[in-house]
Amino acid sequence: MKIRKKLIVLHTAFSLGLGAILLIAIRPAMTKVIYGAEVDQAMSVMSRVIAHQDAFEDAGQLPWRISLGVDATRDLPDQLVYQSRVEPGNTVPVPSDGFGAGVLYWNPLTDEFLLVRARSERAREKIQLVYLLVIVTLIVGYGLVAAALELFVLPQHVYRPISAMLEADHAVSAGDREHELIPPSEIPADELGAIMRSRNEAILALRENEAQLAYALDRLEHTAADLHKKNHLLETARKNLEGADRLASLGMMSAGIAHELNTPLAVVKGLVEKLNRDQHLEVTEIALLVRVVRRLETLSEGLLDFARVRPPMNTRAELASLINEARTLVMLDRKEPITSKGVLVNPPEDTGIEICGDPDRLVQVFVNLIRNAVDALVESGVASPTIEIRIEEEIRDEDPWVAVRVIDNGPGIDAELIDRLFEPFVSTRLDSHGTGLGLAVANGIVREHGGLLIATNRTAEGISGAVFEVLLPQNR
């Protein structure tokens, strides 16, 4: 329902209610006026009846009625009858019975009651005229008030402000910023005007926020472009650093190669010179020559594996199966020391976790880690040498990762070597039977898979040993 119809209904209902209340309020007074007029008329008739009782009979068509004897008190309350006997010679007013009000008289000489009821048609007509005038006055007053409201008050103070507010809202919906604010001249100085001013303030605050947001977005675009440029520069610098790091690694590796080759080559040189002098080699010398040549072959294979660039593979495989395969290979390769020293290599729990990557390369990582742990335990001679392999899921920076930990109870890693453990040709007791490239190769493979290889010592009180942790992303 529109506001105009609502207001019409409201002030119509108000006027009708006011009229009903007024009519109800004056009704007792009007009834009392009629009652008084009819009682006065009945008393006048009563005085004439008492004076000329034989000359009056029950009135019939006359505006009064006269009752004698028992008929006079038949329908009257006992209190009125009693009051009439208490006041002999006086008349007692009697309420209207529908015909009219009256008076009751008791004659103590004859012990008879005389009831006279009168109906004042003139008084009733006057009262009806009063009611009619009141109703007409209410109707005329309602019409004048409604006309004044509809012509002068509501259009200026209600309809016009609401129309201005609607037009401004339509301008907001249409994107017409020139007309989205209500002009101050259209805002009245009342509660509706306060709402309109609050609306204008909200629109201005909204536009200010939009301007700030647009400025922030512009700054963000410039920042994003600048970050893109800087990322490009950083990527270029990273590639340059990779080249420089590769050259540095190449230099370190060259020094390592020279060191690793010098000793076996000196042995080979001496034996070859002996053969050149037509001297026969002893059995022990032949065995030494074979070991030196195998050492050189192992070194060559390690160098090729370290430098080899393979095409990336992305195959889904169960992690526990890969670790068990690596464990089997190590136990076959190190069968004699494992058996003689009683090294216990516990298999990992089958968690069902799968990983995406190159299965063969990952097996190579786990072979290197398990083999190094076995060699460290065999050399250290600890009691109850044990290797535990654990697979656990982790959340890092809200991304799912899987961690594989190879834990032994050996002597641990030397503190001075732990920071450069994954550099080529860093030989420790963890890699004393290899070439010094096993951990470097393993670290490179893990990095190819987007992961990390971390080496630490066990920190629990009274427990020594090394912990190698392979962290691999699951959503690769």
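Listed values, structure above:
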read-out: Conditions (1) in a helix (DSSP H, G or I); (2) free of Cβ contacts under 8 Å to residues at least 12 places away in the same chain; number of the one not met by Asn200; value: (2)
read-out: Restricting the range 408-458 to residues that are β-branched (Val, Ile, Thr) and within 14 Å of Val367 (Cα to Cα), the residue that is modelled with the lowest pLDDT; value: Val441
read-out: The one condition in (1) exposed (fewer than 14 other Cβ atoms within 10 Å of the Cβ); (2) part of a helix (DSSP H, G or I) that Phe366 fails to fulfil; value: (1)
read-out: Flag if Leu206 is farther than 30 Å from Val153 by Cα, surrounded by 12 or more Cβ atoms within 10 Å (Cβ to Cβ) and at pLDDT 70 or above; value: yes
read-out: Meets criteria (in a helix (DSSP H, G or I), of a type outside the set (Phe, Trp, Tyr), modelled with pLDDT under 85 and outside the structural domain of Arg420 (by TED's automatic domain parsing)) for Val267; value: yes
read-out: Every residue from the range 323-340 that is surrounded by 15 or more Cβ atoms within 10 Å (Cβ to Cβ) and of a type in the set (Gly, Ala, Ser); value: Ala326
read-out: Matching entry among Ala123, Ala148 (being buried (at least 19 other Cβ atoms within 10 Å of the Cβ), out of contact with any strand residue (DSSP E or B) (no Cβ under 7 Å at 6 or more places or on another chain) and not in a loop (DSSP other than H, G, I, E, B)); value: Ala123
read-out: Breaking point among (1) among the polar types (S, T, N, Q); (2) outside any loop (DSSP other than H, G, I, E, B); (3) under 23 Å from Asn475 (Cα atoms), for Ser340; value: (3)
read-out: Filter result for Leu114 (farther than 12 Å from Ile34 by Cα and not in a strand (DSSP E or B)); value: no
read-out: Residue selected from the range 129-177 under the condition in contact (Cβ under 8 Å) with a residue 24 or more places away in the chain and under 23 Å from Ala205 (Cβ atoms), by the criterion nearest to the chain's Cα centre (by Cα); value: Val172
read-out: Cross-chain or 6+ apart pairs with Cβ under 6 Å, the range 386-415 first and under 11 Å from Phe468 (Cα atoms), then surrounded by 11 or more Cβ atoms within 10 Å (Cβ to Cβ) and among the hydroxyl-bearing types (Ser, Thr, Tyr); value: Gly412/Ser464
read-out: Residue check for Thr351: in a loop (DSSP other than H, G, I, E, B) and over 19 Å from Phe468 (Cα atoms); value: yes
read-out: Given (1) under 15 Å from Leu319 (Cα atoms); (2) assigned to a loop (DSSP other than H, G, I, E, B); (3) in contact with a Ser or Thr (Cβ under 9 Å, 6 or more places away or on another chain), number of the condition Cys356 does not satisfy; value: (2)
read-out: Residues within the range 95-106 that are under 16 Å from Ile66 (Cβ atoms) and without any contact (Cβ under 8 Å) to a residue 40 or more places away in the chain, tallied; value: 4
read-out: Selection within the range 155-196 - charged (D, E, K, R), surrounded by fewer than 14 Cβ atoms within 10 Å (Cβ to Cβ) and over 17 Å from Ile3 (Cβ atoms); value: Asp176, Arg177, Glu178
read-out: All positions within the range 77-97 that are among the polar types (S, T, N, Q) and surrounded by 15 or more Cβ atoms within 10 Å (Cβ to Cβ); value: Gln83, Ser84, Thr91, Ser96
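The values are calculated or read from the model by the stated rules, or taken from the named source; none is laboratory data. Note that this is a predicted model, so its numbers are computed, not measured. Glycine gets a Cβ as well: all are built from the backbone with ideal geometry, and neighbour counts include every protein chain shown.
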